[in-house]
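Notes follow the structure.
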Amino acid sequence: MIETITEFTGDLSGFLWNNYLTLLILLGTGLYLTLRLGFVQLGGFRHSWVLISGRLSHKTDQGQVSHFQALSTALSATVGTGNIAGVATAISLGGPGALFWMWVTAFLGMATKFAESTLALKFREVHEGGVIAGGPMYTLLHGLKMKRMAALFAVFALIASFGIGNLVQANSVVDGLSYIWPEFKEHGWIMGVVLSVLVGSVILGGIHRIAVVASAIVPVMVFIYVGAALVVLIINAAEIPAALYTIFNLALNPWAAGGAAVGEAIRWGVARGLFSNEAGLGSSPMAHAAARTSEPVREGLVAMMEPFIDTLIICTMTGLVIVLSGAYQTADEGVVGAALTAYAFSLNLGDIGAMVVGVGLTFFAFSTMIAWSYYGDRCTRFLFGHDAVKVYRIVYTLVIIVGAAVPLNLVWNIADITTILMALPNLLALFLLAGLVKRMKQEYFDKI
């Protein structure tokens, strides 16, 4: 039964991702917004850091969390298995050239993040007690009067919360820890129970507790993981130019890699790039909508830094470690995903390297789970009302146990399918409202 479902979801995932129309829609929207917004990634880069520092915050502004807490919550969802397992999967299936296409997706995704989060603030709802509800479903509902499309996004995002934010995370934790302790594979459900209890204790407190926990965990786990990666890069500093040449050559040179190989690099680079930084999915705008600010553009600029931190920094570190070590060529056939990254780190740092990946993955997955639970409960509230949120949170915590035991391929297939299905309604809204975002951006920068 599991094999049949895995095969079916694999075929559907391949159909959705393995065609140039999908790639054109994803990359094309980011390119369109980049040009329409005058390369906001570059022009607003410095101001984004000023906002994140809190120097322009006003406690009297409406909202539930600070700029930094909103960014931390969104980053806790994006900085996760995509940075460890996703990069490894992209390189093992698409070759080193896939990393280049992850960079392209991230750069264009910065404009996409800016637009979708600016709109989320513009069209958010403030409920009784100052509780915020925002995201692409409200942008579609209030900004474009597309009630059915708004509901469609909420349905896909709700399903995705169990795929991207739940099953994948639990599964990858078991996968990474099993590389360090092989016997752990047979008892993965134990880790599922532990994660379920920890996640449940946080998400029952709502966005404020999630934001507080995320803002404490994210900086620490990024510092430790990036620090370990930097040690590997310093050890292999002389080989970095050759590794970069390999990445660019296999991404762009069909004579070096073969036309089919370049196509696979694009496919897996874009797919895993989007999975990692979630630009265009419409997920993180739900967290940014709760930010305490009266200026929607400010939160758009804060959100813009997610792909930069997540993909251009952290994913690059992971990718370079895998390419420099040659792990993608020397690993056994069964060593994939998070296990491949753990293997790459261990080649340079021994058991300590594998431990950093395994433990880091656990924290990454935990933070991603709590952030995605918030996205799911916002969609649940939109579709079924406030009373259904508590039921959703209970079900969400229980599904974590299942995720720790199901096959890796099935989990990734579900994640890929729900990713693209929730992205399409959101990208439609971004395309139709690009003019509004451009005016809001211009008005804001005229004032500062």
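The values are calculated or read from the model by the stated rules, or taken from the named source; none is laboratory data. Note that the coordinates shown come from a computational prediction; the quantities given were computed from them, not determined experimentally. A quick note on method: Cβ atoms are made from the backbone with ideal geometry, for glycine too, and the neighbour counts reach across all protein chains shown.
The residues in region 156-183 that are surrounded by fewer than 18 Cβ atoms within 10 Å (Cβ to Cβ) and more than 16 Å from the chain's Cα centre (by Cα) can be counted, and the count is 4. None of G353, G319, G326 is under 13 Å from I91 (Cβ atoms) and either surrounded by fewer than 23 Cβ atoms within 10 Å (Cβ to Cβ) or modelled with pLDDT under 90 (or both) except G326. Based on this model, can you work out whether L410 counts as under 22 Å from L195 (Cα atoms), of a type outside the set (F, W, Y), part of a helix (DSSP H, G or I) and within 22 Å of the chain's Cα centre (by Cα)? So L410 fits the description; yes. Taking region 1-110 and the helices (runs of 4 or more DSSP H) fully enclosed by it, the elements with 2 or more residues that are buried (at least 21 other Cβ atoms within 10 Å of the Cβ) and aliphatic (A, V, I, L, M) are at 20-36, 67-78, 87-94. Residue pairs whose Cβ atoms lie under 9 Å apart, sitting 6 or more positions apart in sequence or on different chains, and linking a residue in region 399-414 that is within 12 Å of T89 (Cβ to Cβ) to a partner that is at pLDDT 75 or above and not in a helix (DSSP H, G or I), are L408/V336; L408/G337; W412/G337.
Among R209, R267, R272, R298, which is within 26 Å of I448 (Cβ to Cβ) and not hydrophobic (A, V, I, L, M, F, W, C)? Before the answer, list the steps.
Numbers: R209 fails: within 26 Å of I448 (Cβ to Cβ); R267 fails: within 26 Å of I448 (Cβ to Cβ); R272 fails: within 26 Å of I448 (Cβ to Cβ).
Criteria check complete, one pass: R298.
Checked against the criterion of being touching a residue at least 12 places away in the same chain (Cβ under 8 Å) and more than 21 Å from the chain's Cα centre (by Cα), region 357-379 contains not a single residue that satisfies it. Evaluated against (1) small (G, A, S); (2) over 21 Å from the mean Cα position of the chain (by Cα); (3) more than 21 Å from H67 (Cα to Cα), S294 falls short on exactly one condition, (3). From the list T73, T29, T60, the one residue that fits, being of a type in the set (S, T, N, Q) and modelled with pLDDT of 80 or more, is T29.
Is it fair to say M369 is in a helix (DSSP H, G or I) and surrounded by fewer than 22 Cβ atoms within 10 Å (Cβ to Cβ)? No; evaluated as a whole, the condition is false for this residue.
Of all the numbered requirements in (1) farther than 17 Å from Y225 by Cβ; (2) surrounded by fewer than 22 Cβ atoms within 10 Å (Cβ to Cβ); (3) of a type outside the set (D, E, K, R); (4) at pLDDT below 85, W412 misses one, and that requirement is (2). Of the set (1) touching a Phe, Trp or Tyr at 6+ places or on another chain (Cβ under 9 Å); (2) without any contact (Cβ under 8 Å) to a residue 40 or more places away in the chain, all apply to G300 but (2).
Would you mind stating whether V226 is of a type in the set (A, V, I, L, M), out of contact with any Ser or Thr (no Cβ under 6 Å at 6 or more places or on another chain) and touching a residue at least 60 places away in the same chain (Cβ under 8 Å)? Yes: the conditions hold for V226. G54 meets all of the listed conditions (1) modelled with pLDDT under 85; (2) among the small types (G, A, S); (3) closer than 18 Å to I420 by Cβ but one, namely (3).
Applying the condition of being in contact with a helix residue (DSSP H, G or I) (Cβ under 7 Å, 6 or more places away or on another chain) and polar (S, T, N, Q) to region 200-252 and asking which residue is farthest from A354 (Cα to Cα) yields N249. When S117 is tested against (1) touching a His at 6+ places or on another chain (Cβ under 8 Å); (2) at pLDDT 90 or above; (3) surrounded by fewer than 24 Cβ atoms within 10 Å (Cβ to Cβ), just one condition goes unmet, and that condition is (3). Among all positions in region 431-438, there is at least one residue which is surrounded by 21 or more Cβ atoms within 10 Å (Cβ to Cβ), outside any loop (DSSP other than H, G, I, E, B) and touching a helix residue (DSSP H, G or I) at 6+ places or on another chain (Cβ under 7 Å). Residues that are within 13 Å of the chain's Cα centre (by Cα) and of a type in the set (A, V, I, L, M) within region 266-285 comprise V270, A271, L274, A279, L281, listed in sequence order.
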